[in-house]
Amino acid sequence: MTKIQSIRGMNDLLPANSGLWQYLEAIVGDVLTRYGYQEIRFPILEQTELFKRSIGEVTDIVEKEMYTFKDRNDESLTMRPEGTACCVRACLQNGLLDNQQVQRLWYNGPMFRYERPQKGRLRQFHQIGVESFGVATADVDAEMILITARLWKQLGISEHVTLELNTIGSPQARANYRTALVEYLQQHFEQLDEDSQRRMDSNPLRILDSKSASTQAILDQAPSLMDYLDNDSSEHFEMLKSLLEAAGVSYTINPRLVRGLDYYSKTVFEWVTDKLGAQGTICAGGRYDGLVEQLGGKPAPAVGFAMGVERLCLLLQELDKVPAAIKTVPDVYFVVSGEQAKTVAFQLAEQLRSEIPVLKLQLHCGGGSFKSQFKKADKSGAGMALIIGDNEVEEGVVNIKWLRSDIEQKTIKSDQLTAFLIEHSMG
Ligand code: ATP
Ligand code: MG
């Protein structure tokens, strides 16, 4: 029979790697909690209309990357390609933004995009996203960036990531700029790549984001968005820059940074690394003051970012920043033989787990000879084996064997086991 395979670009997370993910998620959760952010969870499936209305019809995501299908009731559903739209939908539906409330939220979960799978680019990938609603001033933009900078520091990757920063101004400023940009690009229409030609009418700003080298060459002489900025956006950007400087976070201005999604305004930023090849953006975000209203809410300013968990894990591995201690190796492996011993070992193991909550104890299940059990004990990576057979049960003792050192085997009374393990088994 042919074996059933997973879907291309959708990976299993195997035990060898799950410790790294847990480590990363624990650090992120901790840092976010320290900044006053709370977790929110929302469904993977949403009405297709949510993403069309927020991300915009003429984007890569909506045009060609969404997993969209009709359910049994003939309703068009989409597996979320990103979290921001879902987060806004959930906030509006549950009244979290009523009365101009401020919300600081984060989420973690799988996203789905039909892309060409490669290193750091998957069809099911994971994002940790952070959003703040209700604050229009640049201090919260700066806070977002400080959160990420602190994360890189805790993860030990600060020296290998750089912050790229830009502002895309108000909708009005962008409209003025758009006119100037289209006028310029029309003169070079024939040299543009196909996607960019198509975007000329629908979404010319996205041409700045084009990955085509010939298009990028033409853009070298194009008018700059910076020259069209409105006062409010300029001041906002100056404030953000001075807050970052005061906090000692360095950045480079990238005037071509526009973000793939249409709902941004003012601040946009990306953290990039040169250690992951073409998939070098590990975190991207910005301000999206128009989105809440666009999705039917009362206008509310907002800013957020999302980081790619797979890319972050790849980077930690690439830089050898995976802590050795995250491996979930047992401290103790419990070897058991004999009918009576099995029952006693079962009770004893539970008792030890209650009395020493930090102890990682693996009890052998499934029987087998002492020899085969010792092989498994050794393979488990545990430092110590506890051994009992029916004789030990009768005498009320347990044998202790060190698996990674030459210390001689020892026999101790069962009622002294807890104290002994606290002293000898861990670390
Ligand atoms: P890219 O230009 O690489 O396609 P994007 O602009 O589409 O990125 P965003 O929508 O801003 O990406 O998503 C935020 C982050 O999520 C990215 O910076 C990246 O780290 C991660 N990410 C996005 N798409 C994928 C994917 N297909 N596979 C793995 N990670 C991804
Ligand atoms: Mg993309």
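The values are calculated or read from the model by the stated rules, or taken from the named source; none is laboratory data. Quick caveat: nothing in here was measured; it's all calculated off a predicted structure. In this analysis, Cβ positions are derived from the backbone assuming ideal geometry, glycine residues included, and neighbour counts consider all displayed protein chains. Heavy atoms of the whole protein, side chains included, go into the accessibility calculation; ligands, DNA and RNA do not. Shrake-Rupley method; radii C 1.70, N 1.55, O 1.52, S 1.80 Å.
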> By the scheme Lys and Arg +1, Asp and Glu -1, what is the net charge of all other residues having a beta-carbon under 12 Å from that of Gly109?
Replying inline: -1
> In the chain, with Lys and Arg counted as +1 and Asp and Glu as -1 at Cβ, which of these residues, Pro171, Thr68, Leu421, has the Cα nearest the positive end of the dipole, that is, farthest along it?
Replying inline: Leu421
> So in the stretch 329-421, what percent of DSSP beta bridges are antiparallel if you round to the nearest 5?
Replying inline: 50 percent
>> Just to verify a number: FRET efficiency for Arg256 and Lys153, C-beta to C-beta distance, R0 = 30 Å, to 0.05?
In response: 0.60
> Using a Gaussian network for the chain with springs between C-alpha atoms less than 10 Å apart, which of these wobbles most: Leu50, Leu319, Leu359?
Replying inline: Leu359
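Please compute the contact order of the chain in relative form: average sequence separation of alpha-carbon pairs under 8 Å and at least six residues apart, divided by the residue count, as a percent. Kindly include the intermediate steps, with their values, before the conclusion.
Numbers: 698 pairs, mean separation 63.1, N = 427.
Reported as a whole number, the value is 15 percent.
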> Just the accessible area for Val258, please: 1.4 Å probe, Å², rounded to the nearest 10?
Replying inline: 10 Å²
> Rounded to the nearest 0.05, what FRET efficiency is calculated for Met239 and Glu183 with R0 set to 25 Å and r the Cβ-Cβ distance?
Replying inline: 0.20
> Just how large is the dipole of the stretch 367-427 about the Cα centre, in debye to the nearest 20, putting +1 at every Lys and Arg Cβ and -1 at every Asp and Glu Cβ?
Replying inline: 420 debye
> Pick from Gln124, Gln373, Gln191: which is most flexible by mean-square fluctuation in a GNM of the chain where alpha carbon atoms under 10 Å apart are linked?
Replying inline: Gln373
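So which helices of the chain fit the span-like rule, where a helix is a whole DSSP H run, its Cα atoms reach 24 Å or more along the axis, and its mean Kyte-Doolittle is at least -0.5? Working shown, then result.
Working: long enough: 15-34 (29 Å, 0.16); 138-155 (26 Å, 0.44); 339-355 (25 Å, -0.64).
TM-like helix candidates: 15-34, 138-155.
Within the set of other residues whose C-beta is less than 13 Å from the C-beta of Leu122, count the net charge using Lys and Arg as +1 and Asp and Glu as -1.
Numbers: positive: Arg8, Arg113, Arg116, Lys119, Arg121, Arg123, Arg311; negative: Asp12, Glu65, Glu115, Glu310.
Here the charged neighbours net out to +3.
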>> Need one number: nm distance between label points at Thr162 and Ser214, each 7 Å from Cα along Cα→Cβ, rounded to one decimal.
In response: 2.9 nm
>> Just to be sure I understand the curve: with the Debye formula and one point per C-alpha of the chain, what is log10 I(q)/I(0) at q = 0.06, 0.10, 0.11 Å⁻¹?
In response: -0.37, -0.80, -0.90
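May I ask you to compute the full-extension gain from Asn17 to Asn399, defined as 0.36 nm times their residue separation minus their alpha-carbon distance, rounded to one decimal in nm?
On the way: separation 382, 0.36 × 382 = 137.52 nm, distance 3.37 nm.
Using 0.36 nm per residue and subtracting the Cα-Cα distance, I get 134.1 nm.
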> When the chain is fully extended, how far beyond the present Cα-Cα distance does Glu57 get from Leu45, taking 0.36 nm per residue of separation?
Replying inline: 2.5 nm
>> Tell me whether the stretch 215-303 comes out rounded, prolate or oblate; compute the Cα gyration tensor, take square roots of the eigenvalues as a ≥ b ≥ c, and use a/c under 1.5 as the rounded threshold.
In response: rounded
> At Ile412 and Thr33, where each label point lies 7 Å from the Cα along Cα→Cβ, what is the point-to-point distance in nanometres?
Replying inline: 3.3 nm
> If ligands, DNA and RNA are left out, what is the accessible area of Trp106 with a 1.4 Å probe, given in Å² to the nearest 10?
Replying inline: 30 Å²
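Of the listed peptides 245-253, 141-149, what is their order by residue-averaged count of other C-beta atoms within 10 Å, with the highest listed first?
Values: 245-253: 12.1, 141-149: 21.8.
Order by mean packing, descending: 141-149, 245-253.
Full extension from Ser369 to Asp195: what is 0.36 nm times the residue separation minus their Cα-Cα distance, to one decimal in nm? Please report the intermediate quantities before stating the final value.
Numbers: separation 174, 0.36 × 174 = 62.64 nm, distance 6.67 nm.
Result: 56.0 nm gained on full extension.
Could you list, in their original order, any pairs among Lys64/Lys119; Lys52/Lys298; Lys119/Lys379; Lys153/Lys211; Lys241/Lys298 whose Cα atoms are separated by more than 22 Å?
Values: Lys64/Lys119 20 Å; Lys52/Lys298 19 Å; Lys119/Lys379 31 Å; Lys153/Lys211 30 Å; Lys241/Lys298 29 Å.
Beyond 22 Å: Lys119/Lys379; Lys153/Lys211; Lys241/Lys298.
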>> Placing unit charges on C-beta atoms (Lys and Arg positive, Asp and Glu negative, everything else neutral), compute the dipole magnitude of the chain about its Cα centre in debye, rounded to 20.
In response: 1020 debye
> Say each of Gln347 and Ile4 gets a label point 7 Å from the Cα, pointing the same way as Cα to Cβ; how far apart are those two points in nm?
Replying inline: 4.4 nm
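For the stretch 329-421, divide the Cα radius of gyration by the Kirkwood radius and give the resulting Rg/Rh value with two decimals. Write out the running numbers ahead of the final one.
Numbers: Rg = 12.0 Å, Rh = 13.1 Å.
My calculation of the ratio gives 0.92.
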> Can you give me the Cα centroid spacing of the stretch 356-402 and the stretch 193-271 in angstrom?
Replying inline: 62 Å
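Test of the criteria: in the stretch 332-427, which GluC sites (Glu not before Pro) are in a DSSP loop and have at most 13 other Cβ atoms within 10 angstrom of their Cβ? Let's see the in-between values first.
Numbers: sites: Glu339, Glu350, Glu355, Glu392, Glu394, Glu395, Glu408, Glu423; in loops: Glu408.
Sites meeting the loop and neighbour criteria: Glu408.
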>> Name the residue from Asn254, Thr59, Ala180 whose Cα lies farthest towards the positive end of the charge dipole of the chain, charges +1 on Cβ of Lys and Arg and -1 on Cβ of Asp and Glu.
In response: Thr59
